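Before any comments, here is the structure.
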Amino acid sequence: MKNFLTILLGFACITILYYGHSYWNQRISSASNNAPSTSKSDQQMSEMATPVDDGDIDLLTLTKNWPASSVDRFKQTLNEKKAFKVLFVGSPAIGSENTGPFPFVKEKLLETFGKDNIQVTIKTYNSTSTQLIKSNDQEEISQEEADLIVFEPFILMNNGEVLLENSLEDITMIMEDIKAKNPETTFILQPSYPLYKAKIYPTQVEALKKFAEKNQLTYIDHWSAWPDSNTKEINEYLLPDQSAPSEKGNQVWGEYITKFLISKSESE
């Protein structure tokens, strides 16, 4: 009798364990079926989705003339809620905070893109490209940590002072030194203002344009907006001594840069 009770008790325990195990398996299976999917592909889609609001999309449509890397960087700064840094670098001809074409360009860029989304500054040097390198001024430019540099590379300052071949080598060195410190910096090249009946200077500017094309650099060809430099009409756009553009010249120059950097439909 004792053995019979022992066997019966053992059988009962086995039965309870079996049904308990089956019950919990059903509960776990049900929970798994109702749980939201967390597959690898879903996780990747979630990580890749970096929402850009409608306002940001509208701003990006204005950057059609920018280098592709600058557009990508601008998208990044918009997502990070940081200001995209634009730096104008060149000779005093490009202006200052209060003179030349720069104030107009700065005003329009800030007005269009918003002060929270873009920062616009300027640095000028009254020197040739070779003198700038000897003074290591490119180090000072690097410290600005600009995302985009609109560079007027001293071609006019170099005229009669630095050989064209050396000018182009200097431009390359300046850009390489800056990018070594700030790999994400992108450059746009532009010439200085035209001169009345200049002989050698226009060929140097044309060489700069070809240099930009060869090196796949964006080039602002604002000379196309000025009157023919071999006609007297150009003198209305320059100071009497041709040391700088006149107010009329600054207006033409500033408007061209603005339309280039802000690619609205009416300027395309």
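Only residues in the stretch 115-143 that are over 15 Å from residue 153 (Cα atoms) count as the first member; pair them with residues that are of a type in the set (Gly, Ala, Ser) and not in a helix (DSSP H, G or I), Cβ under 8 angstrom, at least 6 apart or cross-chain, and list the lot.
The qualifying pairs are 115/83; 116/83; 117/83; 118/83; 119/83; 121/146; 135/127.
Residue check: is residue 130 surrounded by fewer than 21 Cβ atoms within 10 Å (Cβ to Cβ) and either under 24 Å from residue 83 (Cβ atoms) or small (Gly, Ala, Ser) (or both)?
no
Listed here are the residues, each with its yes/no results for (1) on the phi < 0 side of the Ramachandran plot; (2) crowded, with 19+ Cβ neighbours inside 10 Å; (3) not assigned by TED's automatic domain parsing to the domain that holds residue 186.
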| site | (1), (2), (3) |
| --- | --- |
| 81 | no, no, no |
| 92 | yes, no, no |
| 101 | yes, yes, no |
| 105 | yes, yes, no |
| 118 | yes, yes, no |
| 159 | yes, no, no |
| 167 | yes, yes, no |
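Check the stretch 237-246 and report whether any residue there is surrounded by fewer than 17 Cβ atoms within 10 Å (Cβ to Cβ), of a type in the set (A, V, I, L, M, F, W, C) and over 24 Å from residue 65 (Cβ atoms).
There is at least one residue in the stretch 237-246 that is surrounded by fewer than 17 Cβ atoms within 10 Å (Cβ to Cβ), of a type in the set (A, V, I, L, M, F, W, C) and over 24 Å from residue 65 (Cβ atoms).
Let's see how each residue does on (1) surrounded by fewer than 16 Cβ atoms within 10 Å (Cβ to Cβ); (2) without any contact (Cβ under 8 Å) to a residue 12 or more places away in the chain:
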position: 192; (1), (2): no, no
position: 201; (1), (2): no, no
position: 207; (1), (2): yes, no
position: 210; (1), (2): yes, yes
position: 217; (1), (2): no, no
position: 223; (1), (2): no, no
position: 233; (1), (2): yes, yes
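It is to be established whether one or more residues within the stretch 121-132 are closer than 20 Å to residue 254 by Cα, of a type outside the set (S, T, N, Q) and touching a strand residue (DSSP E or B) at 6+ places or on another chain (Cβ under 7 Å).
The answer is yes, given that some residue of the stretch 121-132 is closer than 20 Å to residue 254 by Cα, of a type outside the set (S, T, N, Q) and touching a strand residue (DSSP E or B) at 6+ places or on another chain (Cβ under 7 Å).
Output the residue which, of all residues in the stretch 78-105 that are touching a Pro at 6+ places or on another chain (Cβ under 8 Å) and in contact (Cβ under 8 Å) with a residue 60 or more places away in the chain, is nearest to residue 133 (Cα to Cα).
Looking at residues that are touching a Pro at 6+ places or on another chain (Cβ under 8 Å) and in contact (Cβ under 8 Å) with a residue 60 or more places away in the chain, I get 90.
Could we say that residue 161 is over 22 Å from residue 263 (Cβ atoms), in a loop (DSSP other than H, G, I, E, B), over 20 Å from the mean Cα position of the chain (by Cα) and among the charged types (D, E, K, R) here? Give the derivation first.
Numbers: over 22 Å from residue 263 (Cβ atoms): yes; in a loop (DSSP other than H, G, I, E, B): yes; over 20 Å from the mean Cα position of the chain (by Cα): yes; among the charged types (D, E, K, R): yes.
Yes, satisfied.
Which condition does residue 188 not pass, out of (1) β-branched (Val, Ile, Thr); (2) assigned to a helix (DSSP H, G or I); (3) out of contact with any Lys or Arg (no Cβ under 9 Å at 6 or more places or on another chain), if it passes all the others?
(2)
The values are calculated or read from the model by the stated rules, or taken from the named source; none is laboratory data. Keep in mind that this is a model prediction, so the values were computed, not measured. Positions of Cβ are backbone-derived with ideal geometry, glycine not excepted, and every protein chain shown enters the neighbour counts.
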